[in-house]
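**Student:** Structure in structure tokens, see below.
Rule-based calculations on the coordinates, nothing more; no lab input. Here the structure is a predicted model, which means the values were calculated and not measured. Cβ sites come from the backbone with ideal geometry, for glycine too, and all protein chains shown count toward neighbours.
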Protein chains: 4
Amino acid sequence: MPGYSINREDYLKRLRRIEGQVRGLQRMIEEDKYCIDILTQISSVTSALRSAGLGLLDEHIRHCVRNAAESDTGDGDDKIDEAIGAIERLLRA
Amino acid sequence: MPGYSINREDYLKRLRRIEGQVRGLQRMIEEDKYCIDILTQISSVTSALRSAGLGLLDEHIRHCVRNAAESDTGDGDDKIDEAIGAIERLLRA
Amino acid sequence: MPGYSINREDYLKRLRRIEGQVRGLQRMIEEDKYCIDILTQISSVTSALRSAGLGLLDEHIRHCVRNAAESDTGDGDDKIDEAIGAIERLLRA
Amino acid sequence: MPGYSINREDYLKRLRRIEGQVRGLQRMIEEDKYCIDILTQISSVTSALRSAGLGLLDEHIRHCVRNAAESDTGDGDDKIDEAIGAIERLLRA
């Protein structure tokens with residue numbers, strides 16, 4: 001069971017709010033709203049997505065990476081490679 | 001009429017696709033998908049949002065900022081301040 | 001003459017400070033300082049570089065892009081393409 | 001001893017190269033080089049700094065965080081909080 005399961009409802013709530021913000025962006029385009037206001041809203045959605053990503057990453061390191069490190073299966077290094085790859089993709093996105 | 005109006009349908013299409021991706025993220029959470037896969041999808045949505053933002057910024061500078069610069073109303077500087085503020089918010093988001 | 005020439009001394013001062021920060025990072029490595037403190041310093045240098053970049057971009061749009069837009073040489077669009085490309089590289093860096 | 005000690009010479013070499021790039025930026029300003037070329041160079045320095053940061057973060061998680069998780073001192077959670085804070089600062093920088 002993934003680490004975020006404990007807060008699953010919290011993540012779902014955040015993502016539903018983000019979905020609402022993206023629909024709000026569509027309305028802004030349909031109503032010919034001012035570009036700068038649309039860009040401000042895009043920054044706000046991006047920021048909300050990144051926060052959700054950081055939260056998931058936190059729980060992933062706290063649970064999956066740590067469990068792998070503590071177990072004797074020896075796949076701790078692989079899990080860390082995977083997590084670093086995910087951080088790099090978040091940074092470059 | 002804002003500069004992006006010419007491509008309004010294109011932006012609406014992009015934002016509907018992003019909305020679908022955010023709903024996909026909710027499904028991934030509900031189905032207990034692996035954290036790293038969810039993070040990869042978050043990076044991909046972030047990247048799509050940024051591209052839409054850059055496109056809007058492009059048209060904003062091309063139309064609104066340029067019109068203000070060419071007109072005699074003298075508000076070219078204000079428009080540039082506003083655009084730089086929007087770029088900064090995108091960078092820090 | 002590029003737009004930033006007015007503030008050339010200011011940019012040189014900022015970049016000399018950034019150079020000093022990068023030398024400080026080397027000292028931190030040599031003295032086996034704690035990783036997290038080094039990472040905090042890297043974030044601070046990155047942020048200083050981005051601010052300098054945003055300042056240059058501001059003056060570039062204010063001077064070069066606007067001049068091109070106002071002139072009859074018709075290369076306003078090329079200048080805007082160039083500026084958007086630079087913003088995109090800053091965002092993805 | 002911090003995790004990056006193994007690759008200390010490699011990090012020092014990278015940071016000396018970054019220092020050289022920052023001095024190159026000063027020369028570009030002094031020689032009135034074109035803004036867009038300076039911005040491209042700033043993106044390249046930012047990207048080199050981020051790569052160094054990601055490398056340090058990788059070794060930090062691989063060594064310090066894992067050691068803390070494996071030890072019985074119970075400060076694994078603190079180390080993870082610290083690492084997540086560092087990732088967040090890198091993202092917002």
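**Student:** To make sure I understand, if each residue's beta carbon is the centre and we count other beta carbons within 10 Å, what order do B:43, B:71, A:5 fall in, fewest to most? Working shown, then result.
**Tutor:** Working: B:43 21, B:71 10, A:5 13.
So the ranking, lowest neighbour count to highest, is B:71, A:5, B:43.
**Student:** Additional query: In nm, one decimal, shortest first: how far is the label point of residue B:40 (7 Å from Cα along Cα to beta carbon) from the matching points in the other copies?
**Tutor:** Here residue B:40 shows inter-copy label distances of 3.3, 3.5, 3.7 nm.
**Student:** I would also like to ask the following. Note the distances from residue B:67 to each other copy's matching label point, with points 7 Å along the Cα-to-beta-carbon direction, in nm, sorted shortest first.
**Tutor:** Computed spacing set for this position: 2.6, 5.7, 6.2 nm.
**Student:** Now for a different question. List the pairs from C:79/D:13; A:79/D:79; A:33/B:33; C:13/D:79; B:33/D:79; C:33/D:33 whose alpha-carbon separation is above 28 Å, in the order I gave them. Walk me through the numbers on the way to the answer.
**Tutor:** Working: C:79/D:13 37 Å; A:79/D:79 17 Å; A:33/B:33 37 Å; C:13/D:79 37 Å; B:33/D:79 26 Å; C:33/D:33 37 Å.
Over 28 Å Cα-Cα: C:79/D:13; A:33/B:33; C:13/D:79; C:33/D:33.
**Student:** Another question, if that's okay. Using θ = phi - 60° and the Karplus relation 6.51 cos²θ - 1.76 cosθ + 1.60, list the HN-Hα couplings for region D:74-89 in order, rounded to whole Hz, with x at every Gly or Pro.
**Tutor:** Each residue's phi maps through the Karplus curve to give x, 9, x, 4, 4, 5, 5, 3, 4, 5, 5, x, 5, 5, 4, 5 Hz.
**Student:** Hey, in the GNM for chain A with a 10 angstrom Cα cutoff, which one of A:36, A:80, A:18 fluctuates hardest?
**Tutor:** A:36
**Student:** Averaging sequence separations of C-alpha pairs under 8 Å and six or more residues apart, then dividing by the length of chain A, give the relative contact order as a whole percent.
**Tutor:** Working: 41 pairs, mean separation 28.9, N = 93.
It comes to 31 percent, rounded to a whole number.
**Student:** For A:73-86, what's the mean count of beta carbons from other chains sitting within 10 Å of each residue's beta carbon? Walk me through the numbers before you get to the answer.
**Tutor:** Numbers: counts 0, 0, 0, 5, 2, 0, 3, 7, 2, 4, 8, 7, 5, 8.
Per residue, the average neighbour count from other chains is 4.
**Student:** Can you list, shortest first in nanometers, how far residue A:24 lies from the same residue in the other copies, with each label 7 Å from Cα toward Cβ?
**Tutor:** Label-point distances to the other copies, shortest first: 2.4, 3.8, 4.3 nm.
**Student:** Using 1/(1 + (r/R0)^6) with R0 = 25 angstrom and r between the beta carbons of residue A:77 and residue D:71, what's the FRET efficiency to the nearest 0.05?
**Tutor:** Working: r = 18 Å, r/R0 = 0.72.
Computed FRET efficiency for residue A:77 and residue D:71 comes out at 0.90.
**Student:** Only Lys, Arg, Asp and Glu count, each charged at its Cβ (+1, +1, -1, -1), so figure out the dipole size of the protein assembly as shown about its Cα centre, rounded to 20 debye.
**Tutor:** Numbers: 56 positive and 68 negative charges, 0 e Å.
Its charge dipole is roughly 0 debye.
**Student:** What is the Cα radius of gyration of region B:3-92 over 2.2 N^0.38 Å, N being its residue count?
**Tutor:** Working: Rg = 17.5 Å, N = 90, 2.2 N^0.38 = 12.2 Å.
It is 1.44.
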